[in-house]
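Heads up, the thing below is written out as structure tokens.
Values quoted throughout were computed directly from the atomic coordinates according to the rules given, and no laboratory measurement underlies them. Small disclaimer: the values here were computed from a predicted structure and weren't measured. Cβ placement follows ideal geometry from the backbone for every residue including glycine, while neighbour counts extend to all protein chains displayed.
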Amino acid sequence: MSLEEAVGRIESGMTVGIGGWGSRRKPMALVRALLRSPVTDLTVVSYGGPDVGLLAAAGKIRKLVAAFATLDSIPLEPHFRAARERGELELVELDEAMFMWGLTAAVHRLPFMPVRAGLGSDVMTVNPGLRTVTSPYEDGEELVAVPALRLDAALVHLNRADAHGNGQYLGPDPYFDDLFCEAAEAAYVSCERLVDSAEFAAAGGPQTLLVKRHSVTGVIETPNGAHFTSCAPDYGRDEAFQSAYAKAAADPGAWREFTERFLSGDEGAYQTAVAAFAEEGA
């Protein structure tokens, strides 16, 4: 599929899960396509990074379910911070493990998963809707009933994929992209390179096949599609660009200039502008 074909299936009001982790292997090309679309009023489920920041800056998020929103080398995502300070989105903040088990519950089509994570913390205070359950066995332990994080659509980015929908990661961490895909009604996988299935074994072996074709609706080849987040080993985080992004977020005029330069055209225009930015830095 193309970026536009994938995003064209997302409708306003949907719950969209976005894979990756902080400023690492985010499906940024798909996020940028979403920015160009008329879609709004989204519930976004993410281990948040600049995906959350860009969508929040564009006013497309009604509700955010997240464990954090960070740029990693910059601790707090600036657009997320601004949106929260202005009260522009509803936030459900979960412990990282609670988030994972919420996705797992959705994968298995269960209403919730019982976990210990969150007990004794203010996660329970800031989320008064969370409930506890008591073990029906002799231990009688009280556990948090983490509700399933069911998704209408999932967007993830991987190093390699084939035309059947199998996706391979080659970096140090799978994050939870497989759970996002399996928890969703439809999943769209962007990749650095589309390959023949036989190439998976040579690149990293079967243990690196993270996403399976049964859970994937469409595949999009998008070289540099995670920029400016990292996509190891293909490339690292573009720290210079991320710094420019964060600085621009602090000033409305600078942000308008940043948006006009980098986000006013299609993905090809973005990549051309990024290449020019890198040349200026050099």
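Laid out as a table, the results:
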{"item": "Virtual spin-label span in nm between residue 243 and residue 203, 7 Å along Cα→Cβ", "result": "3.2 nm"}
{"item": "Size of charge dipole - the range 162-272 - debye, nearest 20, with Cβ of Lys, Arg +1 and Asp, Glu -1, no other charges", "result": "140 debye"}
{"item": "Counting DSSP beta bridges with both ends in the range 50-173, the antiparallel % (nearest 5)", "result": "70 percent"}
{"item": "Cα gyration tensor shape for the range 1-149, rounded if a/c is under 1.5, else prolate or oblate", "result": "prolate"}
{"item": "Net lengthening on full extension, residue 12/residue 132 (0.36 nm per residue, minus Cα-Cα)", "result": "40.0 nm"}
{"item": "Label point 7 Å beyond Cα of residue 119 along Cβ direction - residues of the range 131-158 with amide nitrogen under 14 Å", "result": "131-146"}
{"item": "Percent antiparallel among DSSP beta bridges (both partners in the range 125-221, rounded to 5)", "result": "40 percent"}
{"item": "Distant-in-sequence amide H partners of residue 209 (H built 1.01 Å from N, under 5 Å)", "result": "none"}
{"item": "Given charges at Cβ of Lys, Arg, Asp, Glu: the chain dipole, positive-most of 188, 102, 57", "result": "57"}
{"item": "Residue 258/residue 193 FRET efficiency (R0 30 Å; Cβ-Cβ; nearest 0.05)", "result": "0.55"}
{"item": "For the chain, share of DSSP beta bridges that run antiparallel, in % to the nearest 5", "result": "30 percent"}
{"item": "Sequence-distant residues sharing a close amide H with residue 11 (under 5 Å, placed H)", "result": "none"}
{"item": "Packing rank of 212-223, 46-57, where each peptide gets the mean count of other beta carbons within 10 Å, highest leading", "result": "46-57, 212-223"}
{"item": "FRET efficiency for residue 35 and residue 142, using Cβ-Cβ distance with R0 set to 51 Å, rounded to 0.05", "result": "0.75"}
{"item": "Helix-derived mean residue ellipticity, 222 nm - over the chain, DSSP H n ≥ 4, -39500 (n - 2.57), to 500", "result": "-9000 deg cm²/dmol"}
{"item": "Residue-count net charge about residue 150 - beta-carbon cut-off 14 Å; Lys, Arg +1, Asp, Glu -1", "result": "-1"}
{"item": "Calculated from backbone phi, Karplus (6.51, -1.76, 1.60) coupling profile of the range 130-140 in Hz, x at Gly/Pro", "result": "5, 10, 10, 10, 9, 4, x, 9, 4, 5, x"}
{"item": "Dipole of the range 53-178 [Lys/Arg +1, Asp/Glu -1 at C-beta], most positive-end residue of 124, 69, 112", "result": "69"}
{"item": "For the range 80-176, size of Cβ-based charge dipole, Lys and Arg +1, Asp and Glu -1, in debye", "result": "340 debye"}
{"item": "Two-decimal Rg to Rh for the chain - Kirkwood Rh, Cα set", "result": "0.98"}
